[in-house]
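Contents: one structure, followed by commentary.
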Amino acid sequence: MLGKKVPQVTFRTRVRDEAVGGPNPFRWQDVTSDDYFAGKRVVLFSLPGAFTPTCSTYQLPDFEKLFSDFQAEGIDAIYCMSVNDAFVMNAWAKSQNLENVTVIPDGSGEFTRKMGMLVAKDNLGFGMRSWRYGAIVNDGIVEQWFEEEGYSDNCESDPYGASSPQNILENLKALKIAAE
């Protein structure tokens, strides 16, 4: 994965637009990989599903809390991706009171598949989902890679550690020290 360019994908997102009016003032907006990654150094983390226990209790909230620490290490944005649609991702972001982390809906799993991280989670009733991973992406190129161990279809466990915000932040700090 290191040195690999992220896949070129168009994501179908829903954005708030007061001009739409009514109780659900959102409209469709296509956002490309370049829109998210070009000219920025970002943390991308991907997980099996919105509203799932590890993702909702630890990973997403901790990235949100540590955003300023990531900024101090030269990170422009933090993106949370999941093979869920825009409606689910937006509802999850709202329920988590996100202000710093941007959610990216990979509804069809195209980006995840092209990253080589799409796995079957039929044993949990999920269908095809993302394996849990994280990356530092600099101008669309994977600079650092954090993949959970045990990549496989229908994995009996949900490994979590390598892609934790704490681990990624430690690695960023170590890189900075090594470069000095």
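From the square roots a ≥ b ≥ c of the eigenvalues of the alpha-carbon gyration tensor of the stretch 1-149, which class results: rounded (a/c under 1.5), prolate (a/b over b/c), or oblate? Walk me through the intermediate numbers first.
Details: a/c = 1.33, a/b = 1.16, b/c = 1.15.
Rounded shape, in that the Cα axes give a/c under 1.5.
Taking the Cβ of residue 175 as the center, what net charge do the other residues with Cβ under 13 Å away carry, scoring Lys and Arg +1 and Asp and Glu -1?
Details: positive: 41, 173, 176; negative: 73, 143, 170, 180.
It works out to a net charge of -1.
Just the number, please: percent antiparallel of the DSSP beta bridges in the chain, rounded to the nearest 5. Write out the running numbers ahead of the final one.
Numbers: 23 of 34 bridges.
Looking only at bridges with both residues in the chain, the antiparallel portion is about 70 percent.
What number comes out for accessible area per residue over the chain if the probe is 1.4 Å? Units Å², please. The partial results should precede the final answer.
Values: 8540 Å² over 180 residues.
Ligands and nucleic acids excluded, the figure is 47 Å² per residue.
Just subtract the alpha-carbon distance of residue 76 and residue 128 from 0.36 nm times their residue separation and send over the number in nm, one decimal.
Full extension of this stretch gives 15.7 nm more.
Could you work out how much longer the chain between residue 65 and residue 160 gets when fully extended? Use 0.36 nm per residue separation minus the Cα distance between them, nm to one decimal. Write out the running numbers ahead of the final one.
Working: separation 95, 0.36 × 95 = 34.20 nm, distance 1.79 nm.
Residue separation times 0.36 nm, minus the Cα-Cα distance, leaves 32.4 nm.
Starting from the Cα-Cα distance between residue 99 and residue 38, subtract it from 0.36 nm times their residue separation and give me the gain in nm to one decimal. Walk me through the intermediate numbers first.
Numbers: separation 61, 0.36 × 61 = 21.96 nm, distance 2.15 nm.
Taking residue 99 through residue 38 to full extension adds about 19.8 nm, to one decimal.
Quick one: what are the phi-derived ³J(HN,Hα) couplings along the stretch 121-134, Karplus 6.51/-1.76/1.60 with θ = phi - 60°, whole Hz, x for glycine and proline?
Each residue's phi maps through the Karplus curve to give 10, 4, 5, 9, x, 8, x, 7, 9, 8, 6, 6, 8, x Hz.
Where does the stretch 97-143 land on Rg(C-alpha)/(2.2 N^0.38 Å)? Kindly include the intermediate steps, with their values, before the conclusion.
Working: Rg = 12.8 Å, N = 47, 2.2 N^0.38 = 9.5 Å.
Ratio of Rg to 2.2 N^0.38 Å for the stretch 97-143: 1.34.
Probe radius 1.4 Å, ligands and nucleic acids ignored: give me the carbon and sulfur share of the accessible area of the stretch 1-104 as a rounded percent.
Details: 2520 of 4930 Å².
The nonpolar share, carbon plus sulfur, comes to 51 percent.
The values are calculated or read from the model by the stated rules, or taken from the named source; none is laboratory data. On a predicted model such as this, the values are computed, not experimentally measured, just so you know. Please note: Cβ atoms are built from the backbone with ideal geometry, for glycine as well, and neighbour counts cover all protein chains shown. These area figures cover heavy atoms from the full protein model, side chains too; ligands, DNA and RNA do not enter into them. Shrake-Rupley method; radii C 1.70, N 1.55, O 1.52, S 1.80 Å.
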